[in-house]
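A.B. asks: Have a look at the structure that comes next, please.
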Amino acid sequence: MSGADGTSDTHQADSGAGGGILSGIRVLDCSIAMAGPFAAQRLGDLGADVIKVEPPAGEWQRHAPAGGAAGNEINVSFLSLNRNKRSIALDLKSDDGREVLRELVATSDVFLQNYRPGVAARLGVDYETLRAINPSIVYVSVSGYGEDGPYKMRPGQDLLLQAMSGAMLSTGRDGEPPQAAGQYLVDAITASTAFEGVLAALFHRERTGEGQLVTVNMLDAITTLQMQELSVFTAGGVPQQRSAEPHAHVYIRSPYGSFATSDGFIVLAMPDLEELGRTIGEDSFIGLHTLDDSWRLRDEVFAKTAARLATNTSAHWLDAFSKTSIWAGPVYGYADLVADPQIAHNGTFVEYEHPTEGLVKTPGFPYKFSKTPARIDRGAPLTGEHTREILGELGHAAAHITELAERGAIAVRDTLTNVQEHLDGAVLADGAVLPGGSDAALPGEGAPESVAVESVAAAGVAAAAPAPAHAEAAGERS
């Protein structure tokens, strides 16, 4: 990291990460909900010292448990997206809170936020302001639709972006309602895009000493994910047309999708028609040309395959297909996935002890490194758990930290009366009013995550959605 004079002075983070690839990199995570926190967590998994900057009342996601999984003190949604981070609780609407943030910026390498466009500038934490403090800062701004343009103020929520991206009209039956992915797909790919952006910008800084602004938006992330499909449309001129049968992809030949058996479901992917016909006993497939007829007779082939597969069990058909070159496989639920021997062999899930939530089993890391493996050094933090520790690293005396807590500029885990003052009169996921004067109510599970305040990190309050028209909303949420 370079100081204000542009000289190199990389901060050696006291992260406890034990030599991860990003050890020595400090990240300020001022994001909320999923995409931003997930990106920051990936950086923490690789050894970065990730400091989660959240309001005294805690980040929005702390108060919106998906699936009703509330946990003990930390709900599972927050737990899953905030491991390997330290929490400092600041009220960024106070002068003292902003001053602490500026001190942290001077000692940091990456600043990540997902405020609604324009909010960062009003708070004095925009790129131009922060690079004046630290010219080498890699500043990452995540938004729903872009930093400017006609849609910049729209709520960036996963389902809305799935629908707008065209992806939902690439599966299912023609004329029937389109189906969304069963995951927060747009948030996840946006998180990966932001993660990639940080790594690339850090590599550029390693070469040149220069920081830079990195902007990521959810609309571009989900659009560019469909590189092949959209190129077939734009460059190949093939229309996006769903069929009468529920094909899993508009640009893949039949049969392609999930099929009911007598006791469950299996999937088939692009088999040779003659080989399929011999295997399932469908004589009408013999003599068909796989590439031509699987398009020309797409619905007929799908329907006849479905009728044959319904006559026997999943195990019967999977065994039969295993003796051929046909691509087929089981349809798992989560219980099946967790128990799968390949998943166990890969070490896909990790377990660790959390001080308040006990033994936690959760997906681990999508990458492996022979010399610097990813690891979990700490679970998701409690609100303000590390405020004293981080301020102490900045040189603040213990008495001054207590004074800041008493003034409400910060929250510390061992001095939570000021947090309670923020929360008085607030109702969380069970229907309470929000602290900080917001009149929006927190949603339940699966709710859109456009928040009803400037930012939970900025406003010192828990946030909610959907945002009323007059409310301040952050850029990406879910």
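The values are calculated or read from the model by the stated rules, or taken from the named source; none is laboratory data. Worth saying up front: this structure is predicted, and the values here are computed from it rather than measured. Backbone-built Cβ (ideal geometry, glycine too); neighbour counts: all protein chains shown. Heavy atoms of the whole protein, side chains included, go into the accessibility calculation; ligands, DNA and RNA do not. Shrake-Rupley method; radii C 1.70, N 1.55, O 1.52, S 1.80 Å.
A.B. asks: Where the centre of each part is set by its Cα atoms, how far does region 42-109 sit from region 186-220, in angstrom?
C.D. replies: Between the Cα centre of region 42-109 and that of region 186-220, the gap is 20 Å.
A.B. asks: Another question, then. Using the heavy atoms of the protein chains and a 1.4 angstrom probe, tell me the accessible area per residue for region 129-288 in square angstrom.
C.D. replies: Normalised by residue count, the accessible surface of region 129-288 is 48 Å².
A.B. asks: Beyond 27 Å between alpha-carbons counts as too far, so tell me which of LYS52/LYS368; LYS152/LYS368; LYS52/LYS93 fall in that bin.
C.D. replies: Table pairs above 27 Å Cα-Cα are LYS152/LYS368.
A.B. asks: Rank these residues by their accessible area, most exposed first, probe 1.4 Å: TYR367, TYR115.
C.D. replies: Putting TYR367, TYR115 in descending order of accessible area: TYR367, TYR115.
A.B. asks: Compute the Cα gyration tensor for region 56-163, then decide on rounded, prolate or oblate, letting a ≥ b ≥ c be the square roots of its eigenvalues: rounded whenever a/c is under 1.5, prolate when a/b is larger than b/c in the other cases, and oblate in all that remain. Let's see the in-between values first.
C.D. replies: On the way: a/c = 2.05, a/b = 1.19, b/c = 1.72.
Verdict is oblate for region 56-163.
A.B. asks: So, one more: How much accessible area does HIS204 have with a 1.4 Å probe, in Å² rounded to the nearest 10?
C.D. replies: Its accessible surface works out to 60 Å², give or take rounding.
A.B. asks: So, one more: How would THR215, THR387 rank on accessible area, largest to smallest, probe 1.4 Å? Walk me through the numbers on the way to the answer.
C.D. replies: Details: THR215 75, THR387 0 Å².
Output order, biggest surface exposure first: THR215, THR387.
A.B. asks: Based on the mean of other beta carbon atoms within 10 Å per residue, what is the order of 24-30, 328-334, most packed first? Working shown, then result.
C.D. replies: On the way: 24-30: 25.7, 328-334: 12.9.
Taking the mean over residues of other Cβ atoms within 10 Å, the ranking is 24-30, 328-334.
A.B. asks: Here is a further query. How big is the charge dipole of region 80-141 about its Cα centre, in debye rounded to the nearest 20, if each Lys and Arg gets +1 on its Cβ and each Asp and Glu gets -1 on its Cβ?
C.D. replies: On the way: 9 positive and 8 negative charges, 61 e Å.
It comes to approximately 300 debye.
A.B. asks: Quote the Stokes-Einstein diffusion coefficient, in whole µm² s⁻¹, for region 233-348, based on the Kirkwood radius over alpha carbon pairs, a temperature of 37 °C and a viscosity of 0.692 mPa s.
C.D. replies: 215
A.B. asks: Once neighbouring chains are kept in place and the probe is 1.4 Å, which whole percent of the accessible area of region 248-343 is contributed by carbon and sulfur?
C.D. replies: With neighbouring chains kept in place, the figure for region 248-343 is 58 percent.
A.B. asks: If you rank SER108, SER325 by how much accessible surface each has, with a 1.4 Å probe, what is the order from largest down? Kindly include the intermediate steps, with their values, before the conclusion.
C.D. replies: On the way: SER108 0, SER325 80 Å².
Result, largest first: SER325, SER108.
A.B. asks: Moving on. So what's Rg/Rh here for region 323-404, counting alpha carbon atoms and using the Kirkwood radius for Rh? List each step's numbers first, then the result.
C.D. replies: Numbers: Rg = 21.1 Å, Rh = 17.2 Å.
A ratio of 1.23.
A.B. asks: With 17 Å as the cut-off, how large is the P(r) tail for region 173-215, expressed as percent of Cα-Cα pairs?
C.D. replies: 53
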